[in-house]
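> Dropping the structure in here first, questions after.
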Amino acid sequence: MDELNRRTLSDYLRQPMEHIGGDLLGPSQRITLLKAMVGLPHELTKGCVAWEFRLAEDASPDADISFRFSTVDNTKDDLLDLGVLNEGPTEARAMHDYLTKHRRDKNGLWSVMDNVWVEYDQGQHHFSAVYFGLVCPENQMRICLDRCCKQFSSVSSHSDTSKLLVQKLGSLTRLQIGLMNGRPDQPIRACPVFKNGSSIRPYLESLDLKFCLREIDDYISDFQKKGCSFILQLDFTDRVLPRIGLEIHFNYPEPSFMDRANYVLERLTTEGLCSDTKRSALTRFPGVSLVLPDRTPPFFEQSAASIGYNPVCLERGLGYVKIVFEPEHQAVAKAYVASFYRKVQ
């Protein structure tokens with residue numbers, strides 16, 4: 001057990017990486033990434049691990065990695081104990097201190113966070129972003145956002161950001177807030193979740209984001225018919241920045257998620273936003289594989305110690321594609337695959 005506990009994150013990222021094709025992640029990038037992960041705690045794999053890949057033919061084969069801590073798999077509290085927020089943006093460190101202090105408040109900010117993502121940027125070699133998923137009752141998002149913004153407005157370089165977020169996003173019930181320092185302007189990223197894609201255009205128009213609306217409408221109309229759902233990515237400083245990220249979710253693990261993925265990737269390939277080789281590598285990634293006992297993460301070993309070895313598997317899925325739109329720039333497509341360990345049912 002001591003040997004298992006000494007293992008680091010790289011030991012448990014090797015397994016999903018074995019299923020990622022070289023067209024998505026080249027050999028030198030794999031080595032660099034694994035070396036960077038050696039010093040990080042293996043507990044980061046308690047939740048879901050997501051990988052981001054650019055899909056264009058000429059895009060370099062590298063990946064950013066995100067780690068999810070959530071209410072669903074009871075890992076959210078682990079995030080504060082690991083302290084990895086302290087390696088992220090300054091705002092994230094302030095949020096960490098606040099959440100640690102108030103984590104047991106029944107009506108506090110921690111109680112309405114259903115998941116937290118920490119993102120590791122291999123190009124920058126540190127945690128460059130943290131996303132907080134907020135789920136609030138009707139008419140409560142404004143209060144929650146105000147409370148959330150107060151934790152990072154004092155350290156943000158944009159004093160009007162929190163006011164703008166509350167004003168523009170306060171009517172929602174589901175939202176992700178991203179604290180980022182991987183970009184020159186260090187925006188706060190807001191990701192509103194939409195039940196119906198037809199609501200997206202009016203929402204973008206209300207923010208005065210009127211570029212590329214025809215293309216966005218066309219994608220939404222086409223992919224919604226196949227059962228896809230959508231999340232926007234919008235960047236805020238003291239204003240709404242001219243950039244729109246459209247996440248097209250395949251709703252894994254629904255039985256038809258792969259049909260949706262194939263349909264979306266086929267269109268993006270036809271339009272030149274995704275290469276044939278990367279599309280093929282992405283569609284080969286999903287699956288389930290049994291994990292050998294000596295490669296099982298320690299938190300499974302510990303939980304099963306009194307009843308002997310319980311088989312553990314590694315489940316791999318294709319989550320969503322994001323298309324990024326900016327004025328006078330060609331759209332860029334990225335794909336997000338995910339893996340997680342679970343006991344065999």
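> Which of the residues that make up region 199-253 are acidic (D, E), open to solvent by less than 10 Å² (accessible area, probe 1.4 Å) and modelled with pLDDT under 95? Spell out the reasoning first.
In the first step, residues of region 199-253 are kept if they are acidic (D, E); the result is 205, 208, 215, 217-218, 222, 235, 238, 247.
The next check asks that each one be open to solvent by less than 10 Å² (accessible area, probe 1.4 Å); those that pass are 235, 247.
Answer for region 199-253, where residues must be acidic (D, E), open to solvent by less than 10 Å² (accessible area, probe 1.4 Å) and modelled with pLDDT under 95: just D235.
> Do you know which residues across region 256-282 are open to solvent by 20 Å² or more (accessible area, probe 1.4 Å), touching a helix residue (DSSP H, G or I) at 6+ places or on another chain (Cβ under 9 Å) and closer than 27 Å to K343 by Cβ?
Answer for region 256-282, where residues must be open to solvent by 20 Å² or more (accessible area, probe 1.4 Å), touching a helix residue (DSSP H, G or I) at 6+ places or on another chain (Cβ under 9 Å) and closer than 27 Å to K343 by Cβ: just M258.
> Answer with yes or no whether E315 is closer than 23 Å to T8 by Cα, modelled with pLDDT of 90 or more and of a type in the set (D, E). Show your work before the answer.
Values: closer than 23 Å to T8 by Cα: yes; modelled with pLDDT of 90 or more: yes; of a type in the set (D, E): yes.
Yes: the conditions hold for E315.
> Using beta carbons and a limit of 7 Å, which pairs, at least six apart or on different chains, have the first residue in region 26-42 and within 19 Å of P297 (Cα to Cα) and open to solvent by 20 Å² or more (accessible area, probe 1.4 Å) and the second one in a helix (DSSP H, G or I) and of a type in the set (S, T, Y)?
Correct list of pairs: L34/S10; V38/S10.
Here is a yes/no grid of residues against (1) in contact with a Pro (Cβ under 8 Å, 6 or more places away or on another chain); (2) outside any helix (DSSP H, G or I); (3) more than 28 Å from T269 (Cβ to Cβ):
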position: H19; (1), (2), (3): no, yes, no
position: G22; (1), (2), (3): yes, yes, no
position: Q29; (1), (2), (3): yes, no, no
position: K35; (1), (2), (3): no, no, yes
position: T45; (1), (2), (3): yes, no, yes
position: W51; (1), (2), (3): yes, yes, no
position: E57; (1), (2), (3): no, yes, no
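Table: residues versus (1) within 21 Å of the chain's Cα centre (by Cα); (2) of a type in the set (D, E, K, R); (3) part of a strand (DSSP E or B); (4) more than 22 Å from I231 (Cα to Cα).
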residue: I244; (1), (2), (3), (4): yes, no, yes, no
residue: N251; (1), (2), (3), (4): yes, no, no, no
residue: E254; (1), (2), (3), (4): yes, yes, no, no
residue: D259; (1), (2), (3), (4): no, yes, no, no
residue: Y263; (1), (2), (3), (4): no, no, no, no
residue: E266; (1), (2), (3), (4): no, yes, no, no
residue: G272; (1), (2), (3), (4): no, no, no, yes
residue: A281; (1), (2), (3), (4): yes, no, no, yes
residue: S289; (1), (2), (3), (4): no, no, yes, yes
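> Please work out which residue is surrounded by the fewest Cβ atoms within 10 Å (Cβ to Cβ), limiting yourself to region 52-62 and to residues that are within 13 Å of V321 (Cβ to Cβ) and either under 15 Å from the mean Cα position of the chain (by Cα) or among the charged types (D, E, K, R) (or both). Outline the logic, then answer.
Residues of region 52-62 within 13 Å of V321 (Cβ to Cβ): 52-56.
Those left that are additionally either under 15 Å from the mean Cα position of the chain (by Cα) or among the charged types (D, E, K, R) (or both): 52-54.
Values: E52: 16, F53: 24, R54: 21.
That would be E52.
Let's see how each residue does on (1) in contact (Cβ under 8 Å) with a residue 60 or more places away in the chain; (2) on the phi > 0 side of the Ramachandran plot; (3) not β-branched (V, I, T):
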residue	(1), (2), (3)
A92	yes, no, yes
R104	no, no, yes
G108	no, no, yes
H125	yes, yes, yes
Y131	yes, no, yes
M141	no, no, yes
C144	no, no, yes
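> Taking only region 197-242 into account, find how many residues are more than 25 Å from G319 (Cβ to Cβ) and either of a type in the set (F, W, Y) or part of a strand (DSSP E or B) (or both). Talk me through it step by step, then tell me what you get.
At the first step, the residues of region 197-242 found to be more than 25 Å from G319 (Cβ to Cβ) are 202, 205-208, 210-211, 213-214, 237-240, 242.
Adding the requirement that they be either of a type in the set (F, W, Y) or part of a strand (DSSP E or B) (or both) leaves 211, 240, 242.
Qualifying residue count for the region: 3.
The values are calculated or read from the model by the stated rules, or taken from the named source; none is laboratory data. Predicted model only: the values in this text are computed from it and were never measured. As a convention, Cβ positions derive from the backbone with ideal geometry for all residues, glycine included, and neighbour counts pool all protein chains shown. SASA here: full protein model, heavy atoms, side chains in, ligands and nucleic acids out. Shrake-Rupley method; radii C 1.70, N 1.55, O 1.52, S 1.80 Å.
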